[in-house]
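Read-outs: derived from the displayed coordinates by stated rules, not from any lab. Please read these numbers as outputs of a predicted model, since none were measured by experiment. Counting neighbours? That spans all protein chains shown, and the Cβs are built from the backbone with ideal geometry, glycine included.
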Amino acid sequence: MLSNLKAEMARYDVDVKSVAQVIGKTERATKNRINGKVEISAEDIRLIRNAFFPACTLDYLLAEKPTDRPA
């Protein structure tokens with residue numbers, strides 16, 4: 001799940017530890033959210049977007065299937 005979020009993390013070399021610090025969760029809890037084992041909250045995805053990917057829309061980052069990055 002969250003294929004686009006994972007792609008952006010790889011593209012910009014953002015690791016799970018950095019994301020975990022931004023959302024205030026453990027690395028394990030963060031991995032569970034990124035991998036779709038636990039639902040990611042709107043607040044968490046907003047914090048991630050604002051900290052690392054401000055040019056991306058929330059819809060793009062939350063897409064279940066990989067999509068092209070918006071222009």
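Subtracting the Cα-Cα distance of Thr26 and Ala7 from their residue separation scaled by 0.36 nm leaves 4.7 nm.
In loop segments of the chain as defined by DSSP, the chymotrypsin sites (Phe, Trp or Tyr not before Pro) with at most 15 further C-beta atoms inside 10 Å of their C-beta are Tyr12.
Rounded to the nearest Hz, the phi-derived 3J(HN,Hα) couplings of region 26-33 under the Karplus curve 6.51 cos²θ - 1.76 cosθ + 1.60 (θ = phi - 60°) are 6, 4, 4, 5, 5, 4, 4, 6, where x marks glycine and proline. Other residues within the sphere of radius under 11 Å centred on the Cβ of Val38, judged by their own Cβ, net out at +3 (K and R +1, D and E -1).
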